[in-house]
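In what follows, a structure is listed as structure tokens, so that the remarks can point back to it.
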Amino acid sequence: MLTESLCEDNIAMCVKDGDKRVLEQNDLCREICGDCVGQSCEKGCMELYAQDDSHQWKGWGSRVYKNKLMHGAFFDVTLLCTEKHIITFLQPLKEKYEMALAFYKSKGLTRRETEVVAFTIKGISNTDICKRLSISRATLRTHLNNVYRKFRDLGETPDFIPANRLQG
């Protein structure tokens, strides 16, 4: 039932031992990462795991990494860690990004506001958005303020864009 649920919900799953050797992958995980069963894994989610110093016990607990670029696409990544296993769940965000962008486009945003929103949805930093669009931070703030104002005027909240973006 778990395998069927993961497949239906488009969630990739991988089980590794304590040495990061892949014990099992579902089909979507094989599509994303390649067939890694029996091999030690050091890429993608394991890079996130290796760089994460925020947990007292490295080999215990859950970790959630939102909006991470791995293997050429964005994912929400969840790791469940025990002393014996690391279980990874990857939720692809491509479809969610497309739905969110279509939603924002339907709200009467300008072309530039839509470009800003497209980067913001993917978690691109304000500094990087400014570089990519060749605009100043003040101009970016103006675009974000315009987006928020349009939503306020509609009586809606742009849920997919965190409010703290105006401060960054």
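The values are calculated or read from the model by the stated rules, or taken from the named source; none is laboratory data. Since the structure is predicted, the reported quantities are computational estimates derived from the model, not experimental observations. We place every Cβ from the backbone using ideal geometry, glycine too, and count neighbours over all the protein chains shown.
A few remarks follow.
- Of all residues in segment 67-83 being outside any strand (DSSP E or B) and in contact (Cβ under 8 Å) with a residue 12 or more places away in the chain, the one that is farthest from GLU31 (Cα to Cα): GLU83
- The single condition among (1) in contact (Cβ under 8 Å) with a residue 40 or more places away in the chain; (2) of a type in the set (Phe, Trp, Tyr); (3) in a loop (DSSP other than H, G, I, E, B) that TRP57 does not satisfy is (1).
- Scan of segment 1-31 for residues that are within 16 Å of HIS85 (Cβ to Cβ) and aliphatic (A, V, I, L, M), ordered by number: LEU2, MET13, VAL15, VAL22, LEU23
- Residue in segment 46-69 that is closer than 14 Å to ARG21 by Cα, in the same structural domain as GLU83 (by TED's automatic domain parsing) and among the polar types (S, T, N, Q) present: no
- Taken over segment 108-146, residues that are in contact (Cβ under 8 Å) with a residue 40 or more places away in the chain and not polar (S, T, N, Q) amount to 6.
- Scope segment 109-142; condition under 29 Å from ASN26 (Cβ atoms) and in a helix (DSSP H, G or I); matching residues: ILE121
- Test: ALA50 is of a type outside the set (Ser, Thr, Tyr) and farther than 18 Å from CYS14 by Cα: no
Here is a yes/no grid of residues against (1) over 18 Å from the mean Cα position of the chain (by Cα); (2) under 23 Å from GLY123 (Cβ atoms); (3) modelled with pLDDT under 95; (4) not hydrophobic (A, V, I, L, M, F, W, C):
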{"site": "THR3", "(1), (2), (3), (4)": "yes, no, yes, yes"}
{"site": "LYS20", "(1), (2), (3), (4)": "yes, no, yes, yes"}
{"site": "GLY34", "(1), (2), (3), (4)": "yes, no, yes, yes"}
{"site": "MET46", "(1), (2), (3), (4)": "no, yes, yes, no"}
{"site": "SER62", "(1), (2), (3), (4)": "no, yes, yes, yes"}
{"site": "GLU95", "(1), (2), (3), (4)": "no, yes, yes, yes"}
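- A single member of TYR104, TYR97 is of a type in the set (Phe, Trp, Tyr), touching a Ser or Thr at 6+ places or on another chain (Cβ under 7 Å) and within 26 Å of ARG152 (Cβ to Cβ), and it is TYR104.
- Residues in segment 84-108 that are buried (at least 16 other Cβ atoms within 10 Å of the Cβ) and assigned to a loop (DSSP other than H, G, I, E, B): 2 in all.
- Residue-level analysis places VAL64 among those that are assigned to a strand (DSSP E or B) and exposed (fewer than 13 other Cβ atoms within 10 Å of the Cβ).
- Lone unmet requirement of (1) surrounded by 12 or more Cβ atoms within 10 Å (Cβ to Cβ); (2) touching a strand residue (DSSP E or B) at 6+ places or on another chain (Cβ under 8 Å) for PHE119: (2)
- Listed conditions (1) surrounded by fewer than 16 Cβ atoms within 10 Å (Cβ to Cβ); (2) within 13 Å of the chain's Cα centre (by Cα); (3) not assigned by TED's automatic domain parsing to the domain that holds GLU8 are all met by ALA73, apart from (3).
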